[in-house]
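Contents: one structure, followed by commentary.
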Amino acid sequence: QVQVVESGGGLVQPGESLSLSCVVSGIVFSVYEMSWYRQAPGKQRDLVASISAGSTVVYTDSVKGRFIISRENAERTVYLQMNSLKPEDRAVYSCQAMLNRRPYWGQGTQVTVSS
């Protein structure tokens, strides 16, 4: 059984940082592309960042220079370091593991940026 579990969300003030983690079990983690998505209230779920099995990274334009995605295969974990957070970064952040067009999703973790 595949399990995808995110953690690290919370409430921060604008300009602060937050680090998200996603631990995956039940798959050969190292061969999967891992991604972070987010869904703001009333909006569709959008890609934030992804990291391939070979550690090639992709970011959506709005987070470039502020967010960093990384992975630790030995720990079956993908991270999202979020710096200089803005109110518009508020969303539920979900982790996805993808291989051969078969995605596995976590339940998501809430990130709120507010003064």
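The values are calculated or read from the model by the stated rules, or taken from the named source; none is laboratory data. Quantities reported herein were computed from a predicted structural model and do not represent experimental measurements. Every residue, glycine among them, receives a Cβ derived from its backbone with ideal geometry; neighbour counts consider all protein chains shown. Keep in mind that these areas ignore ligands, DNA and RNA; they rest on the heavy atoms of the full protein, side chains included. Shrake-Rupley method; radii C 1.70, N 1.55, O 1.52, S 1.80 Å.
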What residue among LYS86, LYS43, LYS64 shows peak mean-square fluctuation when the chain is described by a Gaussian network model with Cα springs under 10 Å? LYS43
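In the range 51-104, carbon and sulfur make up what percent of the accessible area (probe 1.4 Å)? Write down the numbers at each step before the final one.
Details: 1380 of 2980 Å².
Exposed carbon and sulfur together represent 47 percent of the surface.
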Placing +1 on each Lys and Arg Cβ and -1 on each Asp and Glu Cβ in the chain, then taking the dipole about the Cα centre, the residue among VAL78, SER17, CYS95 whose Cα reaches farthest towards the positive end is CYS95
Mean accessible area per residue over the chain (1.4 angstrom probe, all protein chains present, square angstrom) is 54
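Can you tell me how the chain classifies by the Cα gyration tensor, rounded, prolate or oblate, using a/c under 1.5 as the rounded cut?
Prolate shape, in that a/c is at least 1.5 and a/b is the bigger ratio.
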Name the residue, out of GLY42, GLY65, GLY26, whose mean-square fluctuation peaks in a Gaussian network model built on the chain with Cα pairs under 10 Å. GLY42
Given charges at beta-carbon only (K, R positive; D, E negative), |dipole| of the chain in Debye: 240
Between ARG71, ARG38, ARG102, where does the largest GNM mean-square fluctuation fall for the chain, given springs only between Cα atoms within less than 10 Å? ARG102
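Given contacts defined as C-alpha pairs under 8 Å and at least six residues apart, what's the relative contact order of the chain, whole-number percent?
That works out to 36 percent.
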Spelling out what I want: for every residue of the range 68-83, take phi, set θ = phi - 60°, compute 6.51 cos²θ - 1.76 cosθ + 1.60 (Karplus), and round to whole Hz; glycine and proline get x. 9, 9, 8, 9, 10, 4, 4, 9, 6, 10, 10, 10, 9, 8, 10, 10
Could you tell me the distance between the Cα centroids of the range 79-105 and the range 1-31, to the nearest Å? 8
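Which net charge results when you count Lys and Arg as +1 and Asp and Glu as -1 among the other residues whose beta-carbon is under 12 Å from that of ASP89?
+1
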